[in-house]
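What follows is a single structure, written as structure tokens, with notes after it.
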Amino acid sequence: MTAESHRPARRGLMLILSSPSGAGKTTLTRNLKSENNLDLSISVTTRTRRPSEIDGVHYRFIDRGTFDAMRQHNDLLEWAEVHGNGYGTPRKEVEASLAAGRDVLFDIDWQGTQQIVKKARADVVTIFILPPSMAELRSRLVRRAEDAPDVIAKRLANARDEIARWSQYDYVIINDDLDAAYDAIKAILTAERLKRSRAVGLGDFVDQLLAEELA
């Protein structure tokens, strides 16, 4: 039996993208999911489902009792209360993906990122997406035509607080060109997938490789 037949498997990783609203994270996440064989983490929430949302696709909608039980039993990798509603990332599904060698993509804020990093640092790769300028960020929010002026002002104020957390991330990408930012993230993903620490049984593979006798 050759070393090739014992080629080591790879443990999956968690790829986390964070950014202020309008920096391009949603578009980058969508493109990454469709083209790079990534599982998208689906959060649970206690808020009411909107008519356009599909349970199990946009969120998993659960009641408050179920959410509180998951939180108390450490079944959430991260969680937060937002406007009186609970949001969180179920641990079981993510860990199953990682064990199967599949990578999981997260679109979460800096607070959720820090919770996951504390619980699973070795499995996590974090990327923060910066806008090229605050003026451009404001222009993008205005062009989106989704929010009233007072909401845009609030998003910009929140953006300053989020941007101040940039140094907590492994990688930082300035999104002044969407295609270039996407290519940079793909390069990071490729490199992180090849890390020695993610190869399961690599030591045994090398031992067998060295023990192989050539004819």
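The values are calculated or read from the model by the stated rules, or taken from the named source; none is laboratory data. Here the structure is a predicted model, which is why all the values come from computation and not from measurement. A quick note on method: Cβ atoms are made from the backbone with ideal geometry, for glycine too, and the neighbour counts reach across all protein chains shown.
Of the residues that make up the range 116-137, is at least one part of a strand (DSSP E or B), modelled with pLDDT of 95 or more, under 22 Å from Ile16 (Cβ atoms) and among the aromatic types (Phe, Trp, Tyr)?
Checking the range 116-137: at least one residue is part of a strand (DSSP E or B), modelled with pLDDT of 95 or more, under 22 Å from Ile16 (Cβ atoms) and among the aromatic types (Phe, Trp, Tyr).
Got a sec? Which of Ala184, Ala157, Ala191 is farther than 30 Å from Ala9 by Cβ and in a helix (DSSP H, G or I)? Spell out how you get there, then give the answer.
On the way: Ala184 fails: farther than 30 Å from Ala9 by Cβ; Ala191 fails: farther than 30 Å from Ala9 by Cβ.
Exactly one of Ala184, Ala157, Ala191 is farther than 30 Å from Ala9 by Cβ and in a helix (DSSP H, G or I), namely Ala157.
Of the residues Gly24, Gly12, only one is surrounded by 15 or more Cβ atoms within 10 Å (Cβ to Cβ) and farther than 30 Å from Phe205 by Cβ; which?
Gly24
Scan the range 175-215 residue by residue and report those that are in contact with a His (Cβ under 8 Å, 6 or more places away or on another chain) and not aromatic (Phe, Trp, Tyr). Show your work before the answer.
Looking only at the range 175-215, we keep the residues that are in contact with a His (Cβ under 8 Å, 6 or more places away or on another chain), and these are 201, 204-205, 208.
Once the filter is applied, which keeps residues that are in contact with a His (Cβ under 8 Å, 6 or more places away or on another chain) and not aromatic (Phe, Trp, Tyr), the range 175-215 yields Gly201, Asp204, Gln208.
Quick check on the range 58-77. Is at least one of its residues under 14 Å from the mean Cα position of the chain (by Cα) and part of a strand (DSSP E or B)?
Within the range 58-77, the first condition is being under 14 Å from the mean Cα position of the chain (by Cα), and the residues that meet it are 77.
This time we only want the ones that are part of a strand (DSSP E or B), so: 77.
Among the residues of the range 58-77, at least one is under 14 Å from the mean Cα position of the chain (by Cα) and part of a strand (DSSP E or B), which makes the answer yes.
Restricting the range 79-116 to residues that are surrounded by 19 or more Cβ atoms within 10 Å (Cβ to Cβ) and of a type in the set (Val, Ile, Thr), which is nearest to Gly56 (Cα to Cα)?
Thr89
How many residues, within the range 178-215, are out of contact with any Pro (no Cβ under 8 Å at 6 or more places or on another chain) and aromatic (Phe, Trp, Tyr)?
Here is the first cut: in the range 178-215, the ones out of contact with any Pro (no Cβ under 8 Å at 6 or more places or on another chain) are 178-198, 203, 206-215.
In the following step, the residues that additionally are aromatic (Phe, Trp, Tyr) were identified as 182.
Looking only at that region, the number is 1.
Hey, can you tell me all the residues within the range 39-57 that are under 24 Å from Ala96 (Cβ atoms), assigned to a loop (DSSP other than H, G, I, E, B) and modelled with pLDDT of 90 or more?
Ser41, Ile42, Ser43, Thr46, Ile54, Gly56
Ile163 is checked against (1) more than 24 Å from Lys33 (Cβ to Cβ); (2) at pLDDT below 90; (3) crowded, with 17+ Cβ neighbours inside 10 Å and fails just one. What number does that condition carry?
Ile163 satisfies every listed condition except (2).
Which numbered condition in (1) in contact with a strand residue (DSSP E or B) (Cβ under 7 Å, 6 or more places away or on another chain); (2) farther than 22 Å from Glu192 by Cα; (3) among the small types (Gly, Ala, Ser); (4) not in a loop (DSSP other than H, G, I, E, B) is the only one that Ala23 fails?
(4)
Mind telling me which of the residues Arg50, Arg64, Arg30 ends up being free of Cβ contacts under 8 Å to residues at least 24 places away in the same chain and closer than 26 Å to Ile174 by Cα?
The match here is Arg30.
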